[in-house]
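Q: First the structure, then my questions, so here it is.
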Amino acid sequence: MQIKKLDHVGIRVMNVEKSMQFYKTLGFQVIREDYKEQVFVVKHPSGIEINLIAHGDNDHDRRNILMDVDVRYPGYTHYAIEVGSVEDAKAFFESINIKITGGPVTFGDGKTSIFIRDPDLNVLEFTELPTS
C-alpha cells in the first residue's frame with residue numbers, strides 16, 4: 001500500500017454557517033454544500049480540506065470533551081497547520097480578535113506553535129518549522 005497524503009479532516013459542528021465563516025476568515029473557500037448529507041467542505045489554497053459535518057450536539061456544557069475534562073477520552077485532540085511565521089499568524093489572529101489559547105511554545109524538535117479554538121472549541125495548532 002502506498003499512502004500519499006492525508007486527504008481531509010472531518011469535524012462535527014453545531015452551527016455550519018458559523019463554522020464556514022470562521023474557516024473563510026482563515027482563507028478557506030467553500031467548495032461543496034451538501035444539504036442532504038449535511039456535509040459542507042472547505043478547502044484552503046494550500047490544499048488543506050476540512051469536512052464540516054452538521055448537527056453536533058451540545059450536551060457537554062460547551063467544553064471540548066477531549067481537551068477540557070479530566071477524563072482522557074481517546075480521539076483526535078487537535079490538528080496542526082504549518083505556517084511560514086508563527087509571529088505573523090499570531091498578529092493575524094489578534095487583528096481579527098481570535099484568541100490565542102496557547103503559546104507561542106517551542107518544542108524539542110524546534111517547532112514553534114500557537115493554538116486557537118474554532119467556534120466548537122476544537123483546537124487548531126499553527127506551527128512554524130525550525131530553520132536549518
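Q: I'd like the full set of residues that are touching a residue at least 24 places away in the same chain (Cβ under 8 Å) and among the polar types (S, T, N, Q), limited to the stretch 101-129.
A: 112, 113, 122, 127, listed by residue number.
Q: Collect the residues in the stretch 98-132 that are of a type outside the set (A, V, I, L, M), surrounded by fewer than 17 Cβ atoms within 10 Å (Cβ to Cβ) and under 20 Å from residue 9 (Cα atoms), keeping them in residue-number order.
A: Hit for the stretch 98-132 is 119, nothing else.
Q: For a quick check of your reading of the model, give me the residue pairs whose first member lies in the stretch 85-100 and is farther than 14 Å from residue 117 by Cβ, whose second is of a type in the set (Gly, Ala, Ser) and buried (at least 16 other Cβ atoms within 10 Å of the Cβ), with beta-carbon atoms closer than 9 Å and at least 6 apart or on different chains.
A: Listed by first residue and then by second, the contacts come to 86/103; 86/113; 90/103.
Q: Just to verify a result, which residue in the stretch 21-54, among those that are of a type in the set (A, V, I, L, M, F, W, C) and over 12 Å from the mean Cα position of the chain (by Cα), is farthest from residue 96 (Cα to Cα)?
A: 39
Q: Within the stretch 4-34, can you find the residues that are within 19 Å of residue 45 (Cβ to Cβ), at pLDDT 90 or above, of a type outside the set (S, T, N, Q) and not in a strand (DSSP E or B)?
A: Scanning the stretch 4-34 gives 7, 8, 20, 22, 23, 24, 26, 27, 28.
The values are calculated or read from the model by the stated rules, or taken from the named source; none is laboratory data. Please read all numbers here as calculations on a predicted model, not as lab measurements. Glycine also receives a Cβ, built like all others from the backbone with ideal geometry; neighbour counts cover every protein chain displayed.
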